[in-house]
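Chemist: Have a look at this one before I ask anything.
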Amino acid sequence: MVKITKSLSVGLTAACFSTMLLMSSCSKEDALTPIPQSDINQSSKLREAAGGILAVEYVTSTDGPTGFNSPNKWNFPEDDIILGPSENATSSLTAYAGNPLTKWFKPLPVTTNGAGNIIKVANNSSKMERAETTINNLIVGKKYKFTYSVSTTAIGYSNLANEAVLKFYSSGDYIADTTNFAYKESQWITKSIEFVAKNKSYNLEFRGIDQFGYSYTNIHVGKNAIKVIN
C-alpha cells in the first residue's frame, strides 16, 4: 500500500502524477497475499513430531476417547459376532470403556511406550472378537521395527485371557506374534517385531484367546510405534 500525503505546494500536480505511475507499476503478482490455513498440507501421512520435524505416520495410536467406539483409523469388525453386539471398547488404564462402574480388579500401569488409552477386545470359546487397522506409507525393501504392548485384565464376571495374537499381512507376506499371559495379570508385555516391507501397506489384526471363559485382552500402540531401522 502506498501512502499519499496531500500538499499545497506548486508541485502538487507533478507529485500526484508520479504517485500514479508508481501505483500502476505494481502488479498483482508483486503483492504478498497470506496463504489461507486451509491451503496448507494437512496430509495424514505427516505428523508433527518434537522439534517441528514432520514424521511419517505408519500406524495410528490406540489413544482415543473411551467408550464402545474404536480409536481413529481402527475398526471393530462385526463379522465375528455370534452372541450379540460387539463388546470391544476403547478403555482407560483403570476401567473397561472408561466407565468408573466397571473398573479393572487391578489397574494397569503406564506402558513403556507412553501414556494413552487402550483397545480392549472381548473373547471366549465361542465369541472371538478383534480389532483392526492398517499399516501405511512403507517403502518396499526398507527394514522396520514395530513396538506394541499387550495385557489381560479382569472385572467382576470375567477371566484372564490365555494368549494374545497380533498379525499383519499383505500380498505375499504374513507376520504373526503370539504372547502368553501365564502369571501376567494386569501387566504390560512389550513386544517388538522387525520386518522388511514387501508391500507399501499391511492389514493389522489383534485378538485374544480364551479356551475356558469370558476374558478381556488389551493392546496399546503408541505414537511413532513403527520406526525405520535401515
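The values are calculated or read from the model by the stated rules, or taken from the named source; none is laboratory data. Bear in mind that the values here come from a model prediction, so they are computed numbers and not experimental data. As a convention, Cβ positions derive from the backbone with ideal geometry for all residues, glycine included, and neighbour counts pool all protein chains shown.
Chemist: Return the residues of the stretch 214-229 that are surrounded by 17 or more Cβ atoms within 10 Å (Cβ to Cβ), assigned to a loop (DSSP other than H, G, I, E, B) and among the hydrophobic types (A, V, I, L, M, F, W, C); say none if nothing qualifies.
Modeler: Correct list: VAL221, ALA225.
Chemist: When the stretch 164-178 is examined, which residues are found to be buried (at least 18 other Cβ atoms within 10 Å of the Cβ) and under 22 Å from GLU87 (Cα atoms)?
Modeler: Of everything in the stretch 164-178, those that are buried (at least 18 other Cβ atoms within 10 Å of the Cβ) and under 22 Å from GLU87 (Cα atoms) turn out to be ALA164, LEU166.
Chemist: Then there is this: So GLN187 passes all but one of these: (1) touching an Asp or Glu at 6+ places or on another chain (Cβ under 7 Å); (2) polar (S, T, N, Q); (3) outside any strand (DSSP E or B). Which condition number does it fail?
Modeler: (1)
Chemist: Would you mention how many residues in the stretch 98-118 are outside any loop (DSSP other than H, G, I, E, B) and under 21 Å from LYS145 (Cα atoms)? Write out each step before concluding.
Modeler: Taking the stretch 98-118 as the starting set, the residues that turn out to be outside any loop (DSSP other than H, G, I, E, B) are 98, 103, 111, 114, 118.
With under 21 Å from LYS145 (Cα atoms) added as a condition, the list becomes 111, 114, 118.
Summing the residues that are outside any loop (DSSP other than H, G, I, E, B) and under 21 Å from LYS145 (Cα atoms) in the stretch 98-118 gives 3.
Chemist: Being in contact with a strand residue (DSSP E or B) (Cβ under 8 Å, 6 or more places away or on another chain), of a type in the set (D, E, K, R) and modelled with pLDDT under 95, is that true of even one residue in the stretch 104-112? I'd like the intermediate steps shown before the answer.
Modeler: First, the residues of the stretch 104-112 that are in contact with a strand residue (DSSP E or B) (Cβ under 8 Å, 6 or more places away or on another chain): 104-106, 108, 111-112.
Going one step further and asking which of them are of a type in the set (D, E, K, R), we end up with 106.
Okay, now just the ones that are also modelled with pLDDT under 95, so 106.
Yes, there is a match, as at least one residue in the stretch 104-112 is in contact with a strand residue (DSSP E or B) (Cβ under 8 Å, 6 or more places away or on another chain), of a type in the set (D, E, K, R) and modelled with pLDDT under 95.
Chemist: Right, something else. Scanning the stretch 195-213 for residues that are part of a loop (DSSP other than H, G, I, E, B) and charged (D, E, K, R), which turns out surrounded by the most Cβ atoms within 10 Å (Cβ to Cβ)?
Modeler: If we filter the stretch 195-213 for residues that are part of a loop (DSSP other than H, G, I, E, B), which is where we start, we get 197-201, 210-213.
Filter again for charged (D, E, K, R), leaving 198, 200, 210.
Details: LYS198: 14, LYS200: 12, ASP210: 23.
Per the stated criteria, the residue is ASP210.
Chemist: For residues that are among the hydroxyl-bearing types (Ser, Thr, Tyr) and touching a residue at least 40 places away in the same chain (Cβ under 8 Å), scanning just the stretch 178-213, find the one that is farthest from ASN159 (Cα to Cα). So that I can check it myself, show each step before the final result.
Modeler: The first filter runs over the stretch 178-213 and keeps only residues among the hydroxyl-bearing types (Ser, Thr, Tyr), leaving 178-179, 183, 186, 190, 192, 201-202.
Filter once more, so that each one left must be touching a residue at least 40 places away in the same chain (Cβ under 8 Å): 186, 190, 192, 201-202.
Values: SER186: 12, THR190: 21, SER192: 26, SER201: 35, TYR202: 32 Å.
My answer is SER201.
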